[in-house]
1. Going by the conditions given, is residue 83 in contact with a helix residue (DSSP H, G or I) (Cβ under 6 Å, 6 or more places away or on another chain), surrounded by 13 or more Cβ atoms within 10 Å (Cβ to Cβ) and part of a loop (DSSP other than H, G, I, E, B)?
2. I'd like the full set of residues that are in a loop (DSSP other than H, G, I, E, B) and either on the phi < 0 side of the Ramachandran plot or surrounded by 13 or more Cβ atoms within 10 Å (Cβ to Cβ) (or both), limited to the stretch 17-54.
3. Check whether at least one residue in the stretch 91-102 is assigned to a loop (DSSP other than H, G, I, E, B), in contact (Cβ under 8 Å) with a residue 60 or more places away in the chain, within 13 Å of the chain's Cα centre (by Cα) and under 25 Å from residue 15 (Cα atoms), and report yes or no.
4. If residue 4 satisfies all but one of (1) outside any helix (DSSP H, G or I); (2) in contact (Cβ under 8 Å) with a residue 40 or more places away in the chain; (3) within 20 Å of residue 107 (Cα to Cα), what's the number of the condition it fails?
5. Against the condition under 25 Å from residue 124 (Cβ atoms) and in contact with a strand residue (DSSP E or B) (Cβ under 6 Å, 6 or more places away or on another chain), how does residue 50 come out, does it pass?
């Protein structure tokens, strides 16, 4: 099953969290590039966590652009595997970071928080010195 199917299964209470994370890691995600002088990947901070926006396809990214009332501009994005996003990009963030997938889809979004099993242990907020909090 692909990532959107696993997200739907989890949201319906029928999914397997380990399978969801596996599909997330294997999925090629579209991550919009941020405008402005700092550039980088588009993200937002909420609750002390930086959430990197990622989308499963161009249609999901288009719904995000529409929700922001920015569908009239061209959106540049990077295509990256979920595994690379959490294993290489999250550790470069200053502070805790996770991934928000398809955030404009009310029934199809999913957050992958900075916890053990999703991000590297060194970046997991639920571990202190490699031990569960």
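Read-outs: derived from the displayed coordinates by stated rules, not from any lab. What you see is a predicted model, and the numbers here were worked out from it, not measured in a lab. Positions of Cβ are backbone-derived with ideal geometry, glycine not excepted, and every protein chain shown enters the neighbour counts.
1. The answer is no for residue 83.
2. Hits for the stretch 17-54 are 27, 34, 35, 37, 38, 40, 42.
3. Yes, that holds for at least one residue.
4. It fails just one condition, (1).
5. Values: under 25 Å from residue 124 (Cβ atoms): yes; in contact with a strand residue (DSSP E or B) (Cβ under 6 Å, 6 or more places away or on another chain): yes.
Taking the combined requirement at face value, the residue satisfies it.
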